[in-house]
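Provided herewith is a single structure, encoded as structure tokens, for subsequent inquiry.
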Amino acid sequence: VQLQASGGGLVQAGGSLRLSCAASRTIFSYNSMAWYRQNPGNQREMVAIITNGGSTTYADSVKGRFTISSDNAKTIVYLQMNSMKPEDTAVYYCNLKHVSGNYWGEGTQVTVSS
């Protein structure tokens, strides 16, 4: 399974971006899809997770600002990011967990200017 993320870019503080991540094929039985982010020298951190059943989990730092959603028919996961802050700057990676393995996209850069 290959994951292709898109939607990153440069935005001013307070602005919004929407990330998308599509799997190369439809997978109905995945466990969860998620977004992580990472800056150089730091560990990759979880941003938001959505299970196949629709349950969501968010990092405390993004609660109330970011929303994760999915289109199970197409195996696409979205991350709507509002009220963005400079500390949201990072490379964002999508992730899919399935019984066959743990899959990662290549990452998309998000930069928030102050």
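The values are calculated or read from the model by the stated rules, or taken from the named source; none is laboratory data. Computed from a prediction, not measured in an experiment: that's the story for all the values here. When we count neighbours, we look across all protein chains shown, and the Cβ atoms used for this are built from the backbone with ideal geometry, even at glycine. For the accessible areas, the whole protein counts, side chains as well, though only heavy atoms, and no ligand, DNA or RNA atoms are used. Shrake-Rupley method; radii C 1.70, N 1.55, O 1.52, S 1.80 Å.
Express in nm, to one decimal, how much length is gained between Ser24 and Gln109 on full extension, taking 0.36 nm for each residue of separation and deducting their alpha carbon distance.
Computed gain between Ser24 and Gln109 is 28.5 nm.
For the chain, what relative contact order do you get, as a whole percent, if you take Cα pairs closer than 8 Å and at least 6 residues apart?
37
Here is a follow-up. Could you tell me what percent of the accessible area of region 1-60 is made up of carbon and sulfur, with a 1.4 Å probe and every protein chain present? List each step's numbers first, then the result.
Values: 1480 of 3360 Å².
Accessible surface attributable to carbon and sulfur in region 1-60 totals 44 percent.
Per 5 Å bin, what is the whole-percent P(r) computed from every C-alpha pair distance within region 9-60?
Reading upward from the zero bin: 4, 14, 18, 25, 21, 11, 6, 1.
Here's a follow-up. Tell me, what is the Rg over Rh of the chain, with Rh the Kirkwood radius over Cα pairs?
On the way: Rg = 13.3 Å, Rh = 14.0 Å.
Here the Rg-to-Rh quotient is 0.95.
Stretch Ala13-Asp60 to full length: gain in nm at 0.36 nm per residue minus the Cα-Cα span?
In short, 15.1 nm is gained.
Also, quick follow-up: With a probe of 1.4 Å, find how much accessible area the chain has per residue, and write the answer as a whole number in Å².
Result: 51 Å² per residue.
Moving to a separate point now. With the dipole of the chain worked out from charges on the C-beta (+1 for Lys and Arg, -1 for Asp and Glu) around the Cα centre, which of Ala73, Asn102, Tyr36 lies farthest toward the positive end?
Toward the positive end, the furthest listed residue is Ala73.
Want the number for Gln38 to Asn82: 0.36 nm per residue separation, take away the alpha-carbon distance, what's left?
Working: separation 44, 0.36 × 44 = 15.84 nm, distance 1.87 nm.
Contour length minus the Cα-Cα distance gives 14.0 nm.
Quick one: dipole size for the chain, taken about the Cα centre, charges +1 on Lys/Arg Cβ and -1 on Asp/Glu Cβ, in debye to the nearest 20. Walk me through the intermediate numbers first.
Numbers: 9 positive and 6 negative charges, 31 e Å.
Computed about the Cα centre, the dipole is about 140 debye.
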